[in-house]
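Notes to accompany the following structure.
The values are calculated or read from the model by the stated rules, or taken from the named source; none is laboratory data. It should be emphasised that the depicted structure is a prediction, and the values quoted were computed from it without experimental measurement. No Cβ is skipped: glycine too gets one built from the backbone with ideal geometry, and neighbour counts run over all protein chains shown.
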Amino acid sequence: MKLNNRNIALIIPLILVLIGICLQFWLGEFPLHLFKFPVNLIVIIQLILIIIASYIFLRKNKIILFLASGYAALSSMLLFAFVVIIMAIYPQTGQISNILDKLGFSNIILSWIYAISVIYLLLSLGTITVKRIVPFKTKNLFFFLNHFGLWIVLAFGNLSQADKVSISITVPEAETIWYGYDKKNNYVEPDFAIELTKFTIEFYPPKLGLIDNNGNLLNPKIYQPREIIKAHSLNIINNDVYVIDLIENAIVINDSIRRVAGLPEKTYIAVLQINTDTVYLQNGTEFSPPVIYEIDQNYKLVILNPEPKYFGSEIKLYTKSGITNEIHKIEVNKPLEIGNWKVYQTSYFKTPEFKGYVSVFTAVFDPWLNATYCGIALMFIGAISLIFKRKISKKEE
Amino acid sequence: MIWKLLHIVFILFVFFWLTGSILLFLKRDNRILKKLIVFLPLTANILLMIFIGLLWSELERPPLKTMAETRLWYSVFVSLITWIVFLQTKSKPLYLLGFIMSSVFLLVDILNPEYQTKNLMPALQSPWFIPHVVIYMISYAILAAACLTVLIGFVNTIKRKSIDKQSITLSMNLVYPGFALLSLGMIMGAIWAKIAWGDYWSWDPKETWALLTWIFYLICIHLHHSFPKKQKLLMLLLGLSFIVLIITWLGIRYFPTGLNSIHVYG
Ligand code: HEM
C-alpha cells in the first residue's frame, strides 16, 4: 500500500485506536484526576505553544503539513465519530463485565481512546486554525470563530472535568446541612452550609387513571388519564362518571371523609357518581393507603399521584464570612451562586419519620466554566454566520 | 379536544398540496394555474399553523413536549422549507417529496395520537424550551430538504450516467444553514441544561446521538470543502447523515442505550 495522504489519514485512526486499547489494558481507565489545576492549564498552554511554535518553525515539516490539511481534519473527525458511535450504541453503565468493557467501552469518556481522539482533534484543529489566521484576513474571521471556538470548548470542556466537583446536598426542612456527597459517594464539605427555612411545592390538578390487575397504568391509547374537574361528566369503559366534588387535604376512613389540617403529603378525594352509586376515591401516600374503585374484574379506577408544577426552597446561608439573615431562593432553572459554587434545586422527597419536605440540591464547583462559555460564544456567532454561507452553483460549473 | 380537529386539517392539507401537485404536473402555461401551484401549499401550511396555535392555547403551554407535538412542527417546517426551495429552483420532484414527507408525518400523528395534558414539569418551564426545540425542528426540516434534494440528484445521476452536480450544490446550500441551526440548537440546549441541572453536557443518549448527527454533517461539510471531487462519497454520506438524524429524533428509545434518556418524550 502506498503511503499517500489518503492512506495515512485512514491508518492513523486505526493505530490510535490500537494504542488506546493497549493503554486501557495496562493502565485501566484514563487518569483524569491527574489533570487537576494547574496541570490542566499547563497542558492547554503547552498545546497552544506547541501548535504555534511548530507552525512557525516546522512549517515545511511533513507532519505539520499533514495536520494542517483537510486529510487530518477528516481523519480526526472520523476517529472522534467512531468514539461517539460506541457511546451511542453501547450502554454506558461503567461496569466491567466483558472484554469490550475492559477496552473502556462501557465508560467511554474515561477511556484512553476518548482522550487520544480529543488530543488528535485538538492538534489538527489547532494547526488548521493557526494556518488560516496567519496572516490575518477579515474574510477568515468566521472560519476563526467556528474553529477556535470549538478548540476552546474541546480543550476546556474536557480538561476542566478534572477540577469539577458536583455534590448532592440533602436538607430537611428547618435543618442546617454543611456537607454533601459527590457522584462516587465521597463525603465532601463545601465552604458553606444551607439552612432550609421553607420548601414550597405546587401541584397540577390530580388525574383519574385506569389500572389493570397488576397495578399498571393503562396504555394511554386505551385510556388517557383525565384531569378531575368538578361537575364534569366522563365516560369510562361504558360507565357514566360524574365528578360531584374534589376535596383537598382529606382522607377516606371507613367510607367517610375526614378533613385533616396539616397532612404531611398532598391528598385528594374525588367524590364521584358512577352510574347510580356514589364513590370516594383517594390517592395513596406514605400515610394513608389509596382508595380505589373496581370498574370490573379487569380495571380499577384510581387517582394518580399529582405531578409537581413548581418546587423551590428558601434558604439561609452560613459562609466563612459569617451568617446573614438574608433569605435566598433556589428554584428549578434558577440556581444560586455562592462564591465559586452554584447551587441547583434538583429534587425533593418525603420520609415517614419526618413531617416536612426534604429538599435535594446539587452544588457544582466548575472553575473553568467561563472559559468554556467563551468558546461557546465564539461558536454561537460562527454558527449564525454559517446560516448565510452559500456555495454559488454557477461559478462552480 | 382540539386534537380531533387534526383529521379535518389533515384532509385539507393533503387536498391543497395534492391539487397543487397535479396542476404542477399538468404543464399548462396559465398564469392563474401557476399562481395556484404556489399558493395552495402555502394555504395548507397556514391552516396547519392555525391548528398548532389553537392547540397551544388549549394546552396553555407550547405544544413541544410529546413526539406527536414535535411532528406537527416538523410537518409545518418541511412543508414551508420545501416550498421556499421550490420557489427558487422550480424543482418538481422536490415539491412532491416535500408534500409527501410533511403529509406522512401528519398521518403518523393521526394514527398515533398522544393526547397530552397541560402539565409541564418544572425543568421544562424555561425560556430556553421553545427556541431549543423549534430551532431543532427547523434544522431537521432543512436537512430533510437537503436529503430529498440529494435523493433526486442520486436518481438523476443514475439516469444520466453522469453526476448531477447541481443537486449536490443545492443540497449543500441547505446543509450549511441546517447544520448552523443544529449547532445553535445544541448550544442552547447546553446552556439550558447548565442552568437547570448544573451540567452543560451529560452524555445523555439523546445528546450523544445529537452530537453524532452534528459530526456527520460536519464531515459532509468538510468533505465537500476539502475534496470537492468526491461527489459520490458525499451523496452517500449526506444520505447516511440524515438516517443518523432520524434515529436521533425518532429511534433512540429502540436502542439499548436509550432507555433511560430524559429526552424520551411523553
Ligand atoms: C464548529 C465546528 C466546525 C465548523 C462550523 C466548521 C466549518 C468550516 C467551514 C464553513 C469551512 C469552510 C471555510 C471556508 O470556506 O473558508 C471549514 C473549513 C475547514 N475546516 Fe472546519 N469546521 C468545524 C470544525 C472543524 C474541525 C473539528 C476541523 C479539524 C479537525 C476542521 C478543519 C477544517 C479544514 C481543514 C478546513 C479547510 C480549510 C482550508 O481550506 O483552508 N473544521 N470549516
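Within the stretch B:27-48, the only residue that satisfies the criterion of being closer than 17 Å to B:VAL85 by Cβ and of a type in the set (S, T, N, Q) is B:ASN45. Considering only residues that are of a type outside the set (D, E, K, R) and either part of a loop (DSSP other than H, G, I, E, B) or within 11 Å of chain B (Cβ to nearest Cβ) (or both), look in the stretch A:136-146 and name the one that is surrounded by the most Cβ atoms within 10 Å (Cβ to Cβ). For the stretch A:136-146, the residue satisfying everything is A:ASN146. Any residue in the stretch A:89-102 that is crowded, with 21+ Cβ neighbours inside 10 Å and closer than 20 Å to B:TRP214 by Cα? Taking every residue of the stretch A:89-102 in turn, none turns out to be crowded, with 21+ Cβ neighbours inside 10 Å and closer than 20 Å to B:TRP214 by Cα.
Checked against (1) without any contact (Cβ under 8 Å) to a residue 60 or more places away in the chain; (2) closer than 24 Å to B:LYS27 by Cβ, B:LEU124 passes all but a single condition, namely (2). Restricting attention to the stretch B:126-136, the residues that are in contact with a helix residue (DSSP H, G or I) (Cβ under 8 Å, 6 or more places away or on another chain), more than 7 Å from chain A (Cβ to nearest Cβ) and not in a helix (DSSP H, G or I) total 1. Within the stretch A:318-333, the only residue that satisfies the criterion of being assigned to a strand (DSSP E or B), away from every other protein chain (no Cβ under 14 Å) and closer than 26 Å to B:SER126 by Cα is A:HIS328.
Looking only at residues in the stretch A:338-388 that are part of a loop (DSSP other than H, G, I, E, B) and free of Cβ contacts under 8 Å to residues at least 60 places away in the same chain, the one that is surrounded by the fewest Cβ atoms within 10 Å (Cβ to Cβ) is A:GLU353.
Looking at the stretch A:65-77, which of its residues are in contact (Cβ under 8 Å) with a residue 24 or more places away in the chain and more than 7 Å from every other protein chain (Cβ to nearest Cβ)? Scanning the stretch A:65-77 gives A:PHE66, A:LEU67, A:ALA68, A:SER69, A:TYR71, A:ALA72, A:SER75, A:SER76. Among the numbered conditions (1) touching a residue at least 12 places away in the same chain (Cβ under 8 Å); (2) more than 22 Å from B:GLN125 (Cα to Cα); (3) away from the ligand (no atom under 12 Å from the Cβ), the only one that B:LEU233 does not meet is (1). Looking only at the stretch A:305-337, filter to residues that are touching a residue at least 24 places away in the same chain (Cβ under 8 Å) and among the β-branched types (Val, Ile, Thr); which one of those is farthest from A:ILE167 (Cα to Cα)? The residue in question is A:ILE327.
Taking the conditions (1) within 30 Å of A:ILE201 (Cβ to Cβ); (2) assigned to a helix (DSSP H, G or I) in turn, B:SER167 satisfies each one other than (1).
Within the stretch A:201-232, track down each residue that is facing another protein chain (nearest Cβ under 10 Å), touching a strand residue (DSSP E or B) at 6+ places or on another chain (Cβ under 7 Å) and either within 30 Å of A:GLU175 (Cβ to Cβ) or surrounded by fewer than 14 Cβ atoms within 10 Å (Cβ to Cβ) (or both). Residues satisfying the conditions are A:ILE201, A:GLU202, A:PHE203, A:TYR204. Total residues in the stretch B:202-215 satisfying the condition of being more than 7 Å from every other protein chain (Cβ to nearest Cβ) and within 16 Å of the ligand (Cβ to nearest atom): the figure is 3. Just name the residue that is nearest to the other protein chains (Cβ to nearest Cβ) out of those in the stretch A:83-99 that are more than 14 Å from the ligand (Cβ to nearest atom) and within 17 Å of A:LEU16 (Cα to Cα). Filtering first and then ranking leaves A:ILE85. Here the condition is being over 37 Å from the mean Cα position of the chain (by Cα), buried (at least 17 other Cβ atoms within 10 Å of the Cβ) and closer than 27 Å to B:MET1 by Cα; of A:ILE237, A:ILE244, A:ILE274, A:ILE269, it holds for A:ILE274 alone.
Of the residues making up the stretch A:159-200, those that are out of contact with any Gly (no Cβ under 8 Å at 6 or more places or on another chain), surrounded by 20 or more Cβ atoms within 10 Å (Cβ to Cβ) and of a type outside the set (Gly, Ala, Ser) are A:LEU159, A:VAL171, A:ILE194, A:LEU196. In the stretch B:209-222, the condition of being surrounded by fewer than 17 Cβ atoms within 10 Å (Cβ to Cβ), among the hydroxyl-bearing types (Ser, Thr, Tyr) and within 25 Å of A:TYR90 (Cα to Cα) is met by no residue.
Residues are listed down the side, and each one gets a yes or a no for (1) of a type in the set (Ser, Thr, Tyr); (2) out of contact with any Asp or Glu (no Cβ under 8 Å at 6 or more places or on another chain); (3) modelled with pLDDT of 90 or more:
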site	(1), (2), (3)
A:ILE229	no, yes, no
A:ILE237	no, no, no
A:ASP240	no, yes, no
A:VAL260	no, yes, no
A:THR267	yes, no, no
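Please verify whether the stretch A:373-385 includes one or more residues that are of a type outside the set (S, T, N, Q), at the interface with another protein chain (Cβ under 10 Å from one of its Cβ atoms) and over 24 Å from the mean Cα position of the chain (by Cα). So far as the stretch A:373-385 goes, yes, one or more of its residues are of a type outside the set (S, T, N, Q), at the interface with another protein chain (Cβ under 10 Å from one of its Cβ atoms) and over 24 Å from the mean Cα position of the chain (by Cα). Residue pairs whose Cβ atoms lie under 7 Å apart, separated by 6 or more positions or on different chains, with the first residue in the stretch A:126-140 and within 8 Å of the ligand (Cβ to nearest atom) and the second of a type in the set (S, T, N, Q), are A:ARG132/A:ASN140.
Six or more apart or on different chains, Cβ under 9 Å: which pairs go from a residue in the stretch B:45-72 that's in a loop (DSSP other than H, G, I, E, B) to one that's among the acidic types (Asp, Glu) and surrounded by fewer than 22 Cβ atoms within 10 Å (Cβ to Cβ)? Could you list them? Correct list of pairs: B:THR66/B:GLU114.
All conditions but one from (1) near the ligand (Cβ under 9 Å from one of its atoms); (2) over 18 Å from B:HIS222 (Cα atoms); (3) away from every other protein chain (no Cβ under 14 Å) apply to A:LEU122; the one that does not is (2). Do we find a residue being within 18 Å of B:PRO113 (Cβ to Cβ) and either in contact (Cβ under 8 Å) with a residue 24 or more places away in the chain or part of a helix (DSSP H, G or I) (or both) anywhere in the stretch B:14-25? Yes; the residues of the stretch B:14-25 include at least one that is within 18 Å of B:PRO113 (Cβ to Cβ) and either in contact (Cβ under 8 Å) with a residue 24 or more places away in the chain or part of a helix (DSSP H, G or I) (or both). When B:ALA123, B:ALA210 are screened for being modelled with pLDDT under 95 and either part of a helix (DSSP H, G or I) or closer than 22 Å to B:PHE99 by Cβ (or both), only B:ALA123 passes.
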